[in-house]
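**Q** First, the structure itself, so that you have it in front of you.
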Amino acid sequence: MQMEKLVSLCKRRGFMFQSSEIYGGLNGFWDYGPLGVELKRNIKDAWWHDMCKGHNELLQLNGAPSTYEMVGLDCTILMHPQVWKCSGHYDLFHDFMVDCRVSKKRYRFDQVRGKWVSRGEQKVFVTIMCEPENEQEEVTRRALKFFGLRNKDVGQLVFADVFQSLDKVPAADRVFVLAPDANEANTLTDPREFNLMFKTYVGALSGEEGAAFLRPETAQGIFVNFKNVLDSTRVRIPFGVAQVGKSFRNEITPRNFTFRSREFEQMEIEFFCNPAESPMWYQYWRNRRLQWYTELGLAGERLRLREHEQDELSHYSCGTADIEYAFPFLPEGEYGELEGIAHRGDFDLRSHSEGKLDPKERPLKLELNEHGQPKHRGSGKDLSYRDDLTNERFIPHVIEPSAGADRATLAFLCEAYHEDEAPDEDGKLQSRVVMRLNPRIAPYKAAVFPLVKKDGMPEIAKDIYGALKQKFNVFYDEKAAVGRRYRRQDEIGTPYCITVDSQSLQDKTVTVRDRDTLEQWRVKIDDVVGEIEGRIR
Ligand code: GAP
């Protein structure tokens, strides 16, 4: 599937729009249209139901090491700045970026890709920013231009075999780099750290006393409420706290549609357990989360689980696995992260309690008090847990399955997109685009059509529409030929179409058509709601 086709469908049918489009858009920000908002909400609802609200704490399900409880939270986006100091984000949450002195553009150091090209004694590292399938063509075009050659002279150039990212080019060779928007080499600055948190000011204070940050993850709201949850509920370890909400990161190069945005939604669980049991829970959550995507339709080779190498681990993590999807905008064989499942140990609770340093001993910047002593940077609150059965007291370990609602939405859209053929009303095969979305997440569960706009058919169809509408999101359409109406619904993933025809007037039945199999069957009007309800389940 070509990504442009999906992007164009998303805009044309109202899944996603560029934010502030009429003013030229704002890079890295996306709006969800009438269909997109339903799809994303269904995904978030499915996650909330399956992970939190619908979780049965009385049963040991899905291979869990024991029974466990789940509760939810909804925390604020702005929090006390000390939260980000203790979490490590203030000091450590950065990317390396390079600036082009000529074009004034900024790039993420590890995301600029290129290839070595030489002509005789001269060499240049030609960088490009384009779709994977056009990379070689673009390198050739830029290299010819750089050396002042024409197309017919391409034989004078020698290309390296592989593309590589700029951060793999040795520092001494960076003078040969041709930046993506430059015409001469050596215009990029050295890589510099760039904190990804958006800063704002709270209240009337415009100075540093009023400084605050938009949360870059929802997780910290859960950690700082750990004690509140324990004190206000009867949860006992092991238990998890779930939260869905917006997060913000000032990404240097937002790209690939909604994949890397500056404002996005996360679906996070912080699962608190006894340290001795944490390896088992880590395994459980990796499997459970992979299973969730599979059940909702992301299966096969495009979905995989990958354990992180030691040098990839975040500053807090002592084990992380990613659930990854082979998004079609990535080069062949590459996968993009959908969700990370991290074993965070006791880092967060300890840090919010004591202001502890991170496990890799990269010290947070020390603030000194008037006596020149390091200030106490944690909350000073006791965030340990006492097991009332064993009397054991410990700081719980945390397993964190952290998913992106926007990336999940994008992956489900990519997986669902298919082109095939379906017969029209005369039985002639017509090409169609069909979004094979799992009915549970499809924006509309059914569409209702009167075959023609007369003979009382619209009235019957509207009654069926009204009855279905009590239960789910349904679409009513009486415009255009019925074959065209079917195709319009196929294109947005509506699993069932219900048509009122002349036979309906005689025997009070309607046809139901399945989006994927194209099978059609008759159902009594009185049974339509039950029929659709049963199939969607
Ligand atoms: N609390 C841990 C945490 O935030 P992360 O790997 O940085 O971990 C978790 O983010 C998930 O959030 C990612 O797997 C991804 O789905 C989503 N995510 C992160 N940055 C994103 C961005 N810039 N745009 C869209 N989704 C993003």
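The values are calculated or read from the model by the stated rules, or taken from the named source; none is laboratory data. What you see is a predicted model; the values in this text were computed from it and never measured. Positions of Cβ are backbone-derived with ideal geometry, glycine not excepted, and every protein chain shown enters the neighbour counts. Heads up: the accessible areas ignore ligands, DNA and RNA and are worked out on the full protein's heavy atoms, side chains in. Shrake-Rupley method; radii C 1.70, N 1.55, O 1.52, S 1.80 Å.
**Q** Around Asn250, which amide H atoms from residues at least 5 apart in sequence, or from another chain, sit under 5 Å from its own amide H, with H modelled in the peptide plane?
**A** Met197, Phe198
**Q** How many lysine pairs are close in the stretch 444-536, with Cα atoms under 13 Å apart and the two 8 or more places apart or on different chains?
**A** On the way: Lys445/Lys469; Lys445/Lys471; Lys453/Lys462; Lys453/Lys479; Lys454/Lys462; Lys454/Lys479; Lys508/Lys524.
Eligible lysine pairs with Cα atoms under 13 Å apart amount to 7.
**Q** Moving on. To the nearest 10 square angstrom, what accessible area does Arg286 show with a 1.4 Å probe?
**A** 40 Å²
**Q** Scan the chain and report its longest stretch carrying no GluC sites (Glu not before Pro) that are both in a DSSP loop and have at most 16 other Cβ atoms within 10 Å. Show your work: numbers first, answer last.
**A** Details: sites that count: Glu57, Glu121, Glu184, Glu309, Glu332, Glu334, Glu361, Glu367, Glu370, Glu392, Glu425, Glu519.
The longest such stretch corresponds to 185-308.
**Q** Quick one: pull the percent of accessible area on the stretch 96-194 belonging to carbon and sulfur, 1.4 Å probe, ligands and nucleic acids left out.
**A** Details: 2670 of 5580 Å².
The C+S portion of the solvent-accessible surface of the stretch 96-194 is 48 percent.
**Q** Take Leu518, Leu296 and sort them by solvent-accessible surface of the protein heavy atoms, 1.4 Å probe, largest at the top. Could you put the intermediate results ahead of the total?
**A** On the way: Leu518 50, Leu296 5 Å².
Of Leu518, Leu296, the descending order of accessible area is Leu518, Leu296.
**Q** In terms of the Cα gyration tensor, with a ≥ b ≥ c the square roots of its eigenvalues, is the stretch 96-194 rounded because a/c is under 1.5, prolate because a/b exceeds b/c, or oblate? Could you put the intermediate results ahead of the total?
**A** Details: a/c = 1.77, a/b = 1.65, b/c = 1.07.
The shape class here is prolate.
**Q** Can you give the calculated 222 nm mean residue ellipticity of the chain, where each DSSP H run of n ≥ 4 adds -39,500 (n - 2.57) and the sum is split over every residue, rounded to the nearest 500 deg cm²/dmol? Provide the component values of the computation, followed by the final result.
**A** On the way: 14 runs with 138 residues, N = 537.
Computed ellipticity for the chain at 222 nm equals -7500 deg cm²/dmol.
**Q** While we're here: From the phi angles alone, apply the Karplus equation (6.51, -1.76, 1.60; θ = phi - 60°) to the stretch 42-59 and give each ³J(HN,Hα) in whole Hz, x where the residue is Gly or Pro.
**A** Along the stretch 42-59, the couplings run 4, 5, 5, 5, 4, 4, 4, 5, 6, 8, 10, 4, x, 5, 9, 6, 8, 10 Hz.
**Q** Here's a follow-up. If Rh is defined by the Kirkwood formula over all Cα pairs and Rg also comes from Cα, what ratio Rg/Rh do you get for the stretch 390-508? Kindly include the intermediate steps, with their values, before the conclusion.
**A** On the way: Rg = 21.1 Å, Rh = 17.0 Å.
Here the Rg-to-Rh quotient is 1.25.
**Q** Which of rounded, prolate or oblate describes the stretch 205-334 when judged by the alpha-carbon gyration tensor and an a/c cut-off of 1.5? Could the numbers behind the result be given before it?
**A** Working: a/c = 1.91, a/b = 1.11, b/c = 1.73.
Cα axes put the stretch 205-334 in the oblate bin.
**Q** With the contact rule set at Cα under 8 Å and sequence spacing of 6 or more, what percent relative contact order holds for the stretch 444-536? Present the calculation step by step, with values, prior to reporting the outcome.
**A** Working: 150 pairs, mean separation 27.9, N = 93.
Reported as a whole number, the value is 30 percent.
**Q** Could you tell me what percent of the accessible area of the stretch 1-82 is made up of carbon and sulfur, with a 1.4 Å probe and every protein chain present?
**A** Numbers: 2430 of 4580 Å².
Ligands and nucleic acids excluded, carbon and sulfur give 53 percent.
**Q** Can you grab the distance from the C-alpha centre of the stretch 504-526 to the C-alpha centre of the stretch 184-222, Å, no decimals?
**A** Computed from Cα coordinates, the inter-centre distance equals 57 Å.
**Q** Could you tell me how many cubic angstrom of Cα convex hull volume the chain has per residue?
**A** Working: hull volume 112.7 nm³, N = 537.
It comes to 210 Å³ per residue, whole-number rounded.
**Q** At 1.4 Å probe size, what's the solvent-accessible area of Phe96? Round to the nearest 10 Å².
**A** For Phe96, solvent-accessible area is about 90 Å².
**Q** Select from Gly530, Thr499, Phe472 the residue farthest towards the positive end of the dipole of the stretch 423-537; place +1 on Cβ of Lys and Arg, -1 on Cβ of Asp and Glu, and compute about the Cα centre.
**A** In the stretch 423-537, that residue is Phe472.
**Q** Follow-up question, since we're still on this one. List the relative contact order of the chain as a percent without decimals, with contacts defined as Cα pairs under 8 Å and 6+ residues apart. Show your work: numbers first, answer last.
**A** On the way: 1003 pairs, mean separation 70.4, N = 537.
Relative contact order here is 13 percent.
**Q** Can you compute the charge dipole magnitude of the stretch 183-330 about its Cα centre, using +1 on each Lys and Arg Cβ and -1 on each Asp and Glu Cβ, nothing else charged? Give it in debye, rounded to the nearest 20. All intermediate terms of the calculation are to be shown ahead of the outcome.
**A** Numbers: 17 positive and 21 negative charges, 114 e Å.
In total the dipole reaches around 540 debye.
**Q** Now a separate question. Which whole-Hz ³J(HN,Hα) couplings does the stretch 459-466 yield from phi under the Karplus relation 6.51 cos²θ - 1.76 cosθ + 1.60, θ = phi - 60°, glycine and proline marked x?
**A** Residue by residue, the stretch 459-466 yields 4, 5, 4, 5, 5, 5, 4, x Hz.
**Q** Using θ = phi - 60° and the Karplus relation 6.51 cos²θ - 1.76 cosθ + 1.60, list the HN-Hα couplings for the stretch 503-512 in order, rounded to whole Hz, with x at every Gly or Pro.
**A** For the stretch 503-512, the Karplus curve yields 5, 4, 5, 7, 10, 6, 10, 10, 8, 10 Hz.
**Q** Considering only protein heavy atoms, what per residue accessible area in square angstrom results for the chain with a 1.4 angstrom probe? Please report the intermediate quantities before stating the final value.
**A** Details: 25950 Å² over 537 residues.
Result: 48 Å² of accessible area for each residue.
**Q** Relative contact order for the stretch 1-52: what is it in percent, counting Cα pairs under 8 Å that are at least 6 residues apart?
**A** Numbers: 36 pairs, mean separation 14.1, N = 52.
Reported relative contact order: 27 percent.
**Q** Check Gly336: other-chain or 5+ apart residues with amide H under 5 Å from its amide H, H built from backbone geometry?
**A** Hits under the 5 Å cutoff: Tyr325, Ala326, Phe327.
**Q** Can you give the Rg to Rh ratio for the stretch 444-536, taking only C-alpha atoms and Rh from Kirkwood?
**A** 0.91
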